[in-house]
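What follows draws every value from the coordinates through simple rules; no lab data is involved. Predicted, not measured: the structure shown is a model, and the values here were computed from it. Cβ placement follows ideal geometry from the backbone for every residue including glycine, while neighbour counts extend to all protein chains displayed.
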Amino acid sequence: MKRSELFATTSKESEAEFDCRSAELAVKAGLVHNYGSGTFGFTHLGRKVLDNIEEVIRDEMDEIGQEVTMNILQNSEMWEKSGRWKNFEGDEFFTLKNRDNRDFTIAATHEEASVELVRKKIRSYRDLDFIIYQIGRKFRDDRARKGLLRGKEFFMKDAYSFHADREQLQETYHEMIEAYTTIFEKLGLEFSRVSAENGSMGGSQSHEFMAESEIGSDTYLKCVDSECRYGAKDLGEEKCRECGSELQDVSGIEIGHLFKLGKRYSSKMDLTFTDEDGEEKDVIMASYGIGVSRLIAAIIEQNNDENGITWNSKVSAFDCSIIIARHEDAAVEKAEELHDKLSERGLEVLLFDEGSVGEKFAESDLMGIKRKVILGNNYLENDVIEVEKRDGRTFQADFEEIKEVVSS
Ligand SMILES: [Zn+2]
């Protein structure tokens, strides 16, 4: 793609006051537009980043569950069944009345909707167990702050599992912890798995995945061993329960959450199955969330320098940028040729075709692109390509080597 054709509006100067580095960089790098009060629009560049993150999540979730789409606009009836309507009305959930004076909410979470969605599927124990998930927008009338970290409108992956007994639940719960671990590792995050107390979602046991960051509102203890993912909420704990190392007091961003819901929703909403003895029982449930747009904030907080964002290759919208250091037509032609050849080989390439060389360098770094392929005299004369990494180190490569180099 040519820079002149890419919809992404970058800016050098801060147009507004930002309360953290990730909010500032998400706007300056042209990923998002802040409409105000915690609502964001994504440019095409931002959409590509979001797509990459969603792809990493889908890859893991499709291994264990099936993707669905549930309703965002929900009438109050199922929330009355679960008993939550009274609890949230006028609080953090958006509510509205339609023309017939009926109550609706713009969904902040989908436990009730998932129960209704699977109701017809579950008859007997043979129909259990399984996982459904979706990736979509959620709405919460929260106090917006720190950009994508806490908004009124945000992207989430939420999953719900349905089981006949506690053993099935336990097995799926562990699979999900493993899947989350793989997802966050692929996204290049530093994170811990923290066993947590339950909030308003109810249930008996839960885990939080925390990305270490000074802008995070949660405090927890993390294991100092960099190979170990153990984290603890109880600040009185002294040693890691998994490896025995010291624990360190840190701040973090909650990026994932797992809840064992048990029968909390199924018993109130009458979601039952017939067991092997013909006895009717409540379905056992769990829910699992990942804050997708919040992940962008967490990744930027952990991966930036004075020039901009430093994405890892799974997240970055582009594998490399091409920067022409010369202005003649021959140089431009050769750059376009290289762009096409690399694109044909499956790389996402951004060809900077406007602005000064300095501006191209600055913008490529601001956007977080990992490699700059620089076409200067040496390319025009000898077909030698200079590659500059995001940390400023450079090396030379010929065309055959470039794909390896850029994807590494
Ligand atoms: Zn440890």
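Show the residues, 5+ positions off or on another chain, whose built amide H is closer than 5 Å to the amide H of ASP129.
For ASP129, no residues qualify.
Measuring from centroid to centroid over Cα atoms, what is the spacing of segment 93-133 and segment 210-234 in Å?
The two parts, judged by their Cα centres, are 33 Å apart.
Can you list the HN-Hα couplings for segment 307-315, worked out from phi with the Karplus curve (6.51, -1.76, 1.60; θ = phi - 60°), rounded to whole Hz and with x for Gly and Pro?
Running phi through 6.51 cos²θ - 1.76 cosθ + 1.60 with θ = phi - 60° gives 8, x, 7, 10, 4, 8, 5, 5, 9 Hz.
In nm, give the distance between the simple-model label positions of LEU73 and LYS12, each being 7 Å from the Cα along the Cα-to-Cβ direction.
4.6
Sort 391-401, 58-68 for me by packing, meaning the mean count of neighbouring Cβ atoms within 10 Å per residue, highest on top.
Highest mean packing first, the order is 58-68, 391-401.
Roughly how many whole Å is it from the C-alpha centroid of segment 310-388 to that of segment 1-77?
Segment 310-388 and segment 1-77 have Cα centres spaced 24 Å from each other.
By how many degrees, between 0 and 90 and to the nearest 10, does the Cα long axis of helix 292-302 differ from the longest principal axis of the chain?
50
Within a 10 angstrom radius of the beta carbon, how do LYS341, LYS260, LYS12 rank from fewest other beta carbons to most?
LYS12, LYS341, LYS260
For the chain, what is the mean residue ellipticity at 222 nm derived from helices alone (per DSSP H run of n ≥ 4: -39500 (n - 2.57); sum divided by total residues; nearest 500 deg cm²/dmol)?
When only DSSP H runs of four or more count, the value is -9000 deg cm²/dmol.
How much net charge surrounds GLU77 when only other residues with a Cβ under 10 Å from its Cβ are counted (Lys, Arg +1; Asp, Glu -1)?
Overall, the nearby charge balance is -2.
Of the candidates SER213, SER316, SER124, which one comes out as most mobile in a Gaussian network treatment of the chain with C-alpha springs shorter than 10 Å?
Residue with maximal mean-square fluctuation among SER213, SER316, SER124: SER124.
Positive end of the charge dipole of the chain (Lys, Arg +1 and Asp, Glu -1 on Cβ, about the Cα centre): tell me which of GLN170, GLY36, TYR125 has its Cα farthest that way.
GLY36
Given a Förster radius of 22 Å and the C-beta distance between ARG126 and GLU175 as r, what FRET efficiency does 1/(1 + (r/R0)^6) yield to the nearest 0.05?
The value I calculate is 0.60.
At a 10 Å Cβ-Cβ cut-off, how would you order CYS243, CYS20, CYS223, CYS228, fewest neighbours first?
Taking fewest neighbouring Cβ atoms as first place, the list is CYS243, CYS228, CYS20, CYS223.
Compute the acute angle (0 to 90°) between the alpha-carbon long axis of helix 357-366 and the principal axis of greatest extent of the alpha-carbon atoms of the chain; round to the nearest 10°.
In the chain, helix 357-366 runs at an angle near 20 degrees to the longest axis.
Find out how many positive minus negative residues lie around SER4, taking Lys and Arg as positive, Asp and Glu as negative, among other residues whose Cβ is under 15 Å from that of SER4.
-3
Can you give me the angle between helix 329-344 and the longest principal axis of the chain, using Cα atoms only, in degrees from 0 to 90, rounded to the nearest 10?
For 329-344 against the chain, the angle is about 30 degrees.
Can you work out the PRE-style zone for SER37? Point 7 Å along Cα to Cβ, and I want the residues of segment 136-166 with backbone N under 20 Å.
137-155
Can you tell me the FRET efficiency between LYS239 and ILE64 if r is taken as the Cβ-Cβ distance and R0 is 30 Å, rounded to the nearest 0.05?
Plugging the Cβ-Cβ distance into 1/(1 + (r/R0)^6) gives 0.40.
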